[in-house]
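What follows is one structure encoded as structure tokens, with my remarks underneath.
Values quoted throughout were computed directly from the atomic coordinates according to the rules given, and no laboratory measurement underlies them. What you see is a predicted model; the values in this text were computed from it and never measured. Cβ placement follows ideal geometry from the backbone for every residue including glycine, while neighbour counts extend to all protein chains displayed.
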Amino acid sequence: MTSSKSKETAISREYCVISAPFGCLGIQTELVEGSLMISKIDYLSPNTPLQPPSNQLAKIFTKQCEQYFKDPTARFDVPLKPAGTVHQQRVWGVTEKIEVGNTKTYGDLAKAIKSGARAVGSACGANPYPLITPCHRVVSAQGVGGFMKENNPGLYRQIKIWLLKHEGAL
């Protein structure tokens, strides 16, 4: 017998995969205290099977992504599930203030929040909302730097370069 809690979880969490110029985006939405929110965004390889959005929030976010892919100054306006440690939230907050077409180094951010560059890099790697929280705008003092904890360094580095070029920062 399925419990009502597991049924609610199955119904309240949905995942879709949409096409992006650099591959695919995975979008997870979740019902949080009665409100539908984005709970995760994944960068995925181009050969990932597409799965169209099935709820209104995922459809709205898909449209916002399409606008961003046409115009890098387009803004995202979707509810996000609260995430991260206090330190991660501080890093992500500073990252959100980096304007389109600009970059900051891990060291710049570390100085701004009185932290270490590696801790800033770890927080950027743990970002559950890429595109919305633009950690791709944080670069190494020697170049582009890492991206997303390097789980798939070739793919993620290509995505970071695409995003920075798209925004006019490279």
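Run lengths n ≥ 4 of DSSP H only: what is the helix-derived mean residue ellipticity at 222 nm for the chain, with -39500 (n - 2.57) per run over all residues, to the nearest 500? Could you put the intermediate results ahead of the total?
Working: 6 runs with 65 residues, N = 170.
It lands at -11500 deg cm²/dmol.
Return the unpartnered cysteines for the chain, using a Cβ-Cβ cut-off of under 4.7 Å.
Cys with no partner Cβ under 4.7 Å: 16, 24, 65.
Largest first and in whole Å, give the semi-axes of segment 29-170's equivalent ellipsoid, each being the square root of 5 times a Cα gyration tensor eigenvalue. Intermediate results must be reported in sequence, preceding the final value.
Numbers: eigenvalues 120, 67, 41 Å².
Over the Cα atoms of segment 29-170, the ellipsoid semi-axes are 24, 18, 14 Å.
Tell me which aspartates and glutamates have Cα within less than 12 Å of residue 40's Cα, excluding those fewer than 8 residues away on the same chain?
In chain and number order, the partners are 14, 30.
Rounded to the nearest 20 Debye, what is the dipole magnitude of the chain about its Cα centre when Lys and Arg each give +1 and Asp and Glu each give -1 at the C-beta? Each step should come with its number before you reach the end.
Details: 20 positive and 13 negative charges, 73 e Å.
So the magnitude is around 360 debye.
If contacts are Cα pairs under 8 angstrom and at least 6 residues apart, what is the relative contact order of segment 86-166 in percent?
Normalised by residue count, the contact order of segment 86-166 is 30 percent.
Compute the signed sum of charges (Lys and Arg +1, Asp and Glu -1) over the other residues within less than 13 Å, Cβ to Cβ, of residue 79.
Around residue 79, the charge tally is -2.
Relative contact order of the chain: what whole-number percent is it, with Cα pairs under 8 angstrom and at least 6 residues apart? Kindly include the intermediate steps, with their values, before the conclusion.
Details: 252 pairs, mean separation 30.4, N = 170.
Over the chain, the number comes to 18 percent.
Taking Rh as the Kirkwood radius computed over C-alpha pairs, what is the Stokes-Einstein D of segment 86-166 at 4 °C in a medium of viscosity 1.567 mPa s, expressed in µm² per second? Walk me through the intermediate numbers first.
Values: Rh = 12.3 Å.
Translational diffusion coefficient: 105 µm²/s.
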